[in-house]
Every structure is written in C-alpha cells, then in structure tokens.
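What follows is one structure encoded as structure tokens, with my remarks underneath.
The values are calculated or read from the model by the stated rules, or taken from the named source; none is laboratory data. Every value quoted in this text rests on a predicted model; they were computed, and no experiment measured them. Cβ placement follows ideal geometry from the backbone for every residue including glycine, while neighbour counts extend to all protein chains displayed. All accessible areas refer to the heavy atoms of the entire protein, side chains included, with ligands and DNA or RNA removed. Shrake-Rupley method; radii C 1.70, N 1.55, O 1.52, S 1.80 Å.
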Amino acid sequence: MFNFVVNRGVRVASVERRIYNTFVSSNVPRTVSSFATVDAEEISGSNPAEVLNLVQGKWIGSSNYNTIVDPLNGDSFIKVSEIDETGIQPFVESLSSCPKHGVHNPFKAPERYLMLGDVSTKAAHMLSLPKVSDFFTRLIQRVSPKSYQQAHAEVYVTQKFLENFCGDQVRFLARSFAVPGNHLGQQSHGFRWPYGPVAIITPFNFPLEIPVLQLMGALYMGNKPVLKVDSKVSIVMEQMLRLLHTCGLPVEDVDFINSDGKTMNKLLQEANPQMTLFTGSSRVAEKLAVDLKGKIKLEDAGFDWKILGPDVQQEDYIAWVCDQDAYACSGQKCSAQSLLFMHENWSHTSFISKLKDLAERRKLDDLTIGPVLTFTTESMLEHMNKLLEIPGSKLLFGGQPLKDHSIPSIYGAIKPTAVYVPLEEIVKDKNYELVTKEIFGPFQIITDYKSSQLPIVLDALERMHAHLTAAVVSKDPLFLQEVIGNTVNGTTYAGLRARTTGAPQNHWFGPAGDPRGAGIGTPEAIKLVWSCHREIIYDIGPVPKNWEVPPST
C-alpha cells in the first residue's frame, strides 16, 4: 500500500510538472532575447544604447537626445530620446483619456484584476530565470554602479513582489466591506477606488525596484499611469516594460516618458493627473506639492538615524550592519544610515575601529564603493571640512578621494567617510542644519551620548523633517519602548539586528508623520497610495406600508 501511494504521488507530481512546463513554454517567454533590445555587457561608447518613449501603445523617439555618460569611465554610452515641452501633447491626451473612475474598478472590467494577476505570474517567472535576472542585474550595475549582490537584491525583491500578487491577489486588493443600515434594504459598502489618470516619478538609485513596485501597484488598483524615471537609469525600466508587454500587459496601459524636470512639470500641469507619486529629493517634492495643489504622495529624502543602546553585545555583527547601512550602494539609498548615536558604553569598545576596518575593505574593483551620482567629490569634501570646523569634531576615517579611477568629474568618488561631532554641538541651532544635511553618498555622522542625555537625542530626532527609516539597536525592552514611543520614522527596525536599510517586499517601506507620505511594497501601501475610499449606500426598500408624507423638518 505504501509503495502504491508513493508511486501514485510520483506519477501525479510528474503530471503536474509536465502541465506546468507546458504552461510555461506556451505562456511565458523564456529568454532575454524575447524582450530585450540591448545587451548589458555590450553597451559602450562605440556601441551606444538608445532609450525610447512609450505613449498610446507606441514606442517613439524624438529629435532631442540626452547623452548619458558611463559612470565608471565617462564614455557616452546611452542616448535617451527625451521629449521637450513641444512634444508632450500625445502624453497629455493619453492621460486625459482615462476617466476618473479608472481603467477598471469593482464595478467595471473586473476581468482586468485577473489579467494583471496573470501578468504578475509570468513576469515573476521571467525574473526568476538566471539569464533574465543576470541581465537586469548587469544593466543596473551599468547605470547605477553597485556590487553585483546589491544589484541582484533589487531584482530579487522585484521578483518576490510580483510573486506576491499572482493569481487572485490583485483582486483581493480591492476587497470591500459592508455595514448593516438603519432599515430593511439599506446597506453601506466601502470600496477601494482608483484615481484614474496618475503619474509616477522615480529616482536613479533603484532603477528597477522602485518604479516596478509603484507602477504595478498603480495598475493593480485600476489607474492609467505615466511613468518618468531619472534619464540616467531609464534604460532599465524601458527594458522591464518590454518584458511586461511580452508577459501580457496591454501596451496602452502605461505611458513612459523621458524628459527633463521642467518638461515633466509642464506635462503634469496640463494633464492634471488625479494623483502623482514622487520619490526623490525633498526640495522637488515640496515644489510639486504646491504645483499640484496637494494631489501627491511623497517618499522623499531621509536623513536616517540609528541608536545603539546601552547594552553592548555582538560587536562584530553590529559593526557589519552599520557598515552595510552607511556604505552599501556607496550610501545612495534613501534609507542609508546618516547619523549614528552610540551610547557611551560603545565608545569604550573597539567598535569604531572595527567599523573603520570594514569600511576600508570596500573597493572600486567590485563596486562595493563606487561613483556618487548626485554629489561631486569636491562638494562632499567641502561639507566634511565645514563639519570639522565644529568644536570637538574629528575625522574618524575616510575623507579622501578615491584613487586610480576613471570616474568622470561630474560624479563623486570618495572613500567611505565618518565624522564625529559631539552631541552638545549637534543640537546647537547654528550647527543643526549643517549636521543634518543629507549627503547622498558614503558619508555619515557619528556621535555618542550618556544615559542621562537620551532626552537630548530624542529632541534632536524630533527636530528632523524627514522621517523615513530608523534603527534602535538593543535587547532592552524598556529602552526600545522609550525610543520607539518618542519617535515617528515610518520604517523602524528595533532589536539586536536592527538596521536602517532594507525595503523587501514583505514589509511597508515609507515615511511617517506626513499625510502626503507614500509607502511601497505591501498591500497596505498599494491601497493607501493608489486607491481612495468610495462608499456606496444601497437603499432599495421596501418603503414601509401605509407610509405618509411627514411634516416638514
């Protein structure tokens, strides 16, 4: 009997594998060549790639090209076809053609929920294929240089996100609820409703993960998005859109535009999308909030902090996490550790020495340190020198340009750097703005505090304006409770393994403390950002017998 069960199980499993393989072979393109128009390894100054725009279901070029230079050697290696202000009309018309009730909603074209679940299934499978995963990993490295492991992690998170929304999971995002009414025939129903025409603007540092997660969230909820990615890295998303099309996404569902900021601003003003998602700098975010009259969700800059509690333990591990948080991707994460508060107990250990050793392991050869795309070497070193003018400040390590490289001067290239600034100096009005200026590169401030100074630390955190990520490293539950209860950062890790970086698909990532704050990754984030609440009250009767017109009230 046992052998029969085993053999039957083997036969069933074999049949299931054949069915699955048949489905895959007939429904999912299996190679990079099925969608890609470039070879990540072959892009060069002598063989430049070209990036197009997508509008109303057609890939189009333009007469204007933005030439992107290779961040590692300065060669002109990508030509981005950019739309100027005279060419935005097709995009305006495309966005304006979408009604406010969306492309689909719970009462309209519900089959699209299933279609997008199928697209997610096929796209997730594609990204799981080693050749496809490697293609996007290498392409990310070419335009936003980071180690292979860091670039691959971005592809992996994107794949897992798509897996999370396979099958029926898209329609479950639109789950409604009902509440009994006041009389027979009355019920109130709450629905998640799309905005209709929307816009997505994303930065350079995660050229696949951020735009894919926000784009798919917008589509799942029934919106028609126009997507703009930083031109320096937009080739990654152009190729991903082509993959999505081969996986069944209708070509008319998404518009993709390359342009400068001024042109995009004009497009937003004329098309007037019902909601815009912006990920990027606080300065641009605040301008857009005014220009768009508040119809915006923001995941802007983060000057992110970490507090090491009084209980010193696992020194090697915590030093490694701090190095990863501050210097992985050359510090170009909106969640990068910018300010580290050490309890004085840590100051008496070899923690700083270990952090220094870890930082000095990083090298350009494997891109564990690399070019900084938004700050020059001179501007970062100038900021460091201003900090060193503060009484009691000192350079802990780094503070020098990288040597023996061909990174163009428009980008930055410095060794991983840490500057110590005394806590009492940080909180002074004349220093606070300088110390909390975000340097989007391999740069952090370190300070220490006594137990009696924890209220001063908490006050310094309260004064910050960007509350994205944070970490509280301690096993003391009362200490964790004190810090968590008096802070606001939207994604906060707490405990011995706490970090500031990390935006996997399994938890919310986004700021808190701002009604405009946007999340990413989870069903809650998708529903918050890409849908609004609509209440429909059914009141079908019957009208009570012997009802008469009552007196006026």
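A compact table of results
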read-out: Failed item, numbered, when His507 is tested on (1) in a helix (DSSP H, G or I); (2) open to solvent by 40 Å² or more (accessible area, probe 1.4 Å); (3) over 29 Å from Lys293 (Cα atoms); value: (1)
read-out: Residue count, the stretch 189-223 (criterion: closer than 20 Å to Ala271 by Cβ, in a loop (DSSP other than H, G, I, E, B) and either open to solvent by less than 10 Å² (accessible area, probe 1.4 Å) or at pLDDT below 95 (or both)); value: 5
read-out: Residue identified as within 30 Å of Leu528 (Cβ to Cβ) and either surrounded by fewer than 20 Cβ atoms within 10 Å (Cβ to Cβ) or out of contact with any Leu (no Cβ under 7 Å at 6 or more places or on another chain) (or both) among Thr469, Thr417, Thr487, Thr491; value: Thr469
read-out: Single condition Gly502 does not satisfy, out of (1) at pLDDT below 95; (2) out of contact with any strand residue (DSSP E or B) (no Cβ under 8 Å at 6 or more places or on another chain); value: (2)
read-out: Considering residues of the stretch 103-129 that are assigned to a helix (DSSP H, G or I) and more than 23 Å from the chain's Cα centre (by Cα) only, the residue farthest from Glu42 (Cα to Cα); value: Glu111
read-out: Residue in the stretch 12-34 that is open to solvent by 40 Å² or more (accessible area, probe 1.4 Å) and modelled with pLDDT of 95 or more present; value: no
read-out: Residue that is surrounded by the most Cβ atoms within 10 Å (Cβ to Cβ) [pool: residues in the stretch 510-549 that are outside any loop (DSSP other than H, G, I, E, B) and among the basic types (Lys, Arg)]; value: Lys527
read-out: Yes/no for Ile88 being within 18 Å of Ile43 (Cβ to Cβ), modelled with pLDDT of 95 or more and among the β-branched types (Val, Ile, Thr); value: no
read-out: Of residues in the stretch 431-466 being of a type in the set (Gly, Ala, Ser) and open to solvent by less than 50 Å² (accessible area, probe 1.4 Å), the one farthest from the chain's Cα centre (by Cα); value: Ala460
read-out: Tally of residues being closer than 30 Å to Arg171 by Cβ and open to solvent by 40 Å² or more (accessible area, probe 1.4 Å) across the stretch 123-149; value: 1
read-out: When residues of the stretch 495-504 are limited to those that are surrounded by 19 or more Cβ atoms within 10 Å (Cβ to Cβ) and of a type in the set (A, V, I, L, M), the one nearest to Gly331 (Cα to Cα); value: Ala503
read-out: Options Ile318, Ile352; residue that is of a type in the set (Val, Ile, Thr), under 27 Å from the mean Cα position of the chain (by Cα) and crowded, with 17+ Cβ neighbours inside 10 Å; value: Ile318
read-out: Among residues of the stretch 157-188, those that are among the aliphatic types (A, V, I, L, M), buried (at least 18 other Cβ atoms within 10 Å of the Cβ) and either part of a loop (DSSP other than H, G, I, E, B) or without any contact (Cβ under 8 Å) to a residue 12 or more places away in the chain (or both), counted; value: 2
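Here's the yes/no breakdown for (1) in the same structural domain as His383 (by the TED database); (2) within 30 Å of Pro207 (Cβ to Cβ); (3) at pLDDT below 95; (4) assigned to a loop (DSSP other than H, G, I, E, B):
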| position | (1), (2), (3), (4) |
| --- | --- |
| Pro310 | yes, no, no, yes |
| Val321 | yes, yes, no, no |
| Gln324 | yes, yes, no, no |
| Leu339 | yes, yes, no, no |
| Trp346 | yes, no, no, no |
| Ser353 | yes, no, no, no |
| Leu358 | yes, yes, no, no |
